[in-house]
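**Q** Here it is, the structure, as structure tokens.
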Amino acid sequence: METRIAELRYKEVISVEDGSRYGYVGDMEVDLETGQVRALVVPGRRRFFGLLGREEDKVIPWGAVKRFGEDIILIER
């Protein structure tokens, strides 16, 4: 299966351990020297319709990613 970086934004991150839904991928951390992906970044959820800001972004290390599906990314933390 192939995917593009732009398509990752449409994949939801879900924990295989307890089924927790973290949200959708918003960004990636890449090591520019080696070209390797270090982590996926899921933006924090909005508090009270965005009026009270956002929760902190969730950074998921690349080693925690277990499987890519058509519309989800399974992780184990």
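The values are calculated or read from the model by the stated rules, or taken from the named source; none is laboratory data. Remember, it's a predicted structure, so these values are computed and weren't measured experimentally. Side chains are part of the model used for accessible areas, which takes the heavy atoms of the whole protein and leaves out ligands, DNA and RNA. Shrake-Rupley method; radii C 1.70, N 1.55, O 1.52, S 1.80 Å.
**Q** Over the chain, what relative contact order in percent results from Cα pairs under 8 Å that are six or more residues apart? Each step should come with its number before you reach the end.
**A** On the way: 136 pairs, mean separation 21.7, N = 77.
Relative contact order here is 28 percent.
**Q** Whole number in Å², please: accessible area per residue of the chain, 1.4 Å probe, ligands, DNA and RNA not counted. Walk me through the numbers before you get to the answer.
**A** Values: 5890 Å² over 77 residues.
Value returned for the chain: 76 Å² of accessible area per residue.
**Q** Taking amide H positions as placed 1.01 Å from N in the peptide plane, with prolines and chain starts having none, which residues 5 or more places from residue 27, or on another chain, fall under 5 Å of its amide H?
**A** Amide H to amide H, under 5 Å and 5 or more residues apart or across chains, residue 27 pairs with 41.
**Q** With 10 Å bins from zero, work out the P(r) of the chain over every alpha carbon pair and list the percent per bin.
**A** Percent of pairs per bin, in order: 19, 49, 26, 6, 0.
**Q** Heavy atoms only, probe 1.4 Å: what % of the accessible area of the chain goes to carbon and sulfur, would you let me know?
**A** On the way: 2830 of 5890 Å².
Here carbon and sulfur together make up 48 percent of the probe-accessible area.
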